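Trainee: Handing you a structure now.
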């Protein structure tokens, strides 16, 4: 009991230390990025209005390494996670500066994910309720690598508006930590708190109007770390729902990535091509400011985080197949709230409101033009007079 309390204290202190280091070093990394030419220039598909330095992710890495050195036991798995983190940050930093080919970035992502997987950070088997245990056997390693690469890209794809990726990852880190501690995975809980703290420290400089971007050096790093925490802190319980609980927190970037990738495939465009099909672009196109857009997406993420925590802590089942009617009804209500929030943002804000504005402002547009531009989001931003 005392050890658990001490570990929870370490998580709080680690969160603070990582946040402080990341916040303190971010301005120095911004100046370094400007010195080496790692600067994001305004472009048609982006939302930034002025050149902004990249490489903020290196400050996040420094915060994670510093706090982990103070508050974690560096066993073989943690050393491997940190080695993979350093590698993916370097790959991301090179991409921020030199715009690497997508294939090279993918090789770097696979290599970074393989390091912790080779050290034992992997999903070996899961237990699916009502179906029983599934052992992945020799496929466990490759499947975990694929999963970690997927999470890296999910976070990276969402990093397109001031403060979004950092804020979502800060919320995810805090939620992962709570769930990991409840599952008795104290090390993973401390690491999750550290990751959340580093993201929050960077957010101080990255919230709109952003003074620095994390770039691929930060987005890929946060994706790898959160993926490793999910594996270490949840899957070791052998219940597939233990993995699903924390990943619900990343619903926003997962849905955004799925939507964008499917659209690129439909229109036969490279999956890694840049465009304005992301949710934050589409919300911006219907007249939302960056600050309002990111606050809506934060709220959506917090609702999903609340659902993930409720699934873990609300006693709606005895884990033996018997459900409590009252608690189950509460969980159903919470689930409906999460679904309603998703429908509200994706459908009402993005489609209904836009269709009304589009047809009113551009009555000459044909139904086919409206349908295609609704689907892809490739239209000139509409100006609306509603207050932010």
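Trainee: Starting from 0.36 nm per residue, how many nanometres of slack lie between residue 204 and residue 104 once their C-alpha separation is accounted for?
Mentor: Difference between extended and current length: 32.9 nm.
Trainee: Counting other beta carbons within 10 Å of each Cβ, put 182, 216 in order, fewest first.
Mentor: Fewest-to-most ranking of 182, 216: 182, 216.
Trainee: Given a Förster distance of 25 Å, report the FRET efficiency between residue 343 and residue 261 from their Cβ-Cβ distance, rounded to the nearest 0.05.
Mentor: The pair residue 343/residue 261 has a calculated efficiency of 0.75.
Trainee: Let me ask something else. Using mean Cβ contacts within 10 Å as the protection proxy, how do 59-66, 295-302 order, highest first?
Mentor: Numbers: 59-66: 25.9, 295-302: 18.6.
Most protected by this proxy first, the peptides run 59-66, 295-302.
Trainee: Taking a point 7 angstrom from the Cα of residue 12 along the C-beta vector, which residues in region 190-218 have backbone N less than 20 Å away?
Mentor: In region 190-218, the label zone of residue 12 (backbone N under 20 Å from the point 7 Å along Cα→Cβ) covers 190-201.
Trainee: Report, in whole Å, the centroid distance computed from the Cα atoms of region 77-93 and region 146-182.
Mentor: 16 Å
Trainee: Extending each Cα 7 Å along its Cβ direction at residue 135 and residue 150, get the distance between those two points in nm, one decimal.
Mentor: Placing both labels 7 Å along Cα→Cβ, they lie 2.4 nm apart.
Trainee: Can I ask one more? Hey, fewest Cβ within 10 Å first, where do 106, 225, 87 land in order? List each step's numbers first, then the result.
Mentor: On the way: 106 16, 225 34, 87 20.
Least crowded to most crowded, the residues run 106, 87, 225.
Trainee: Using the 10 angstrom Cβ neighbour count as an exposure proxy, how do 89, 324 rank, fewest first?
Mentor: Values: 89 26, 324 14.
The most exposed by this proxy come first: 324, 89.
Trainee: Using a Förster distance of 30 angstrom, determine the FRET efficiency expected from the C-beta separation of residue 28 and residue 74, and round it to 0.05. The partial results should precede the final answer.
Mentor: Working: r = 26 Å, r/R0 = 0.86.
Computed FRET efficiency for residue 28 and residue 74: 0.70.
Bear in mind these aren't lab numbers, they're just calculated from the coordinates by the rules spelled out. Just so it is clear, the structure is predicted and the values come from calculations on it, not from any experiment. Every residue, glycine as well, gets a Cβ built from its backbone with ideal geometry; the counts of neighbours run over all protein chains shown.
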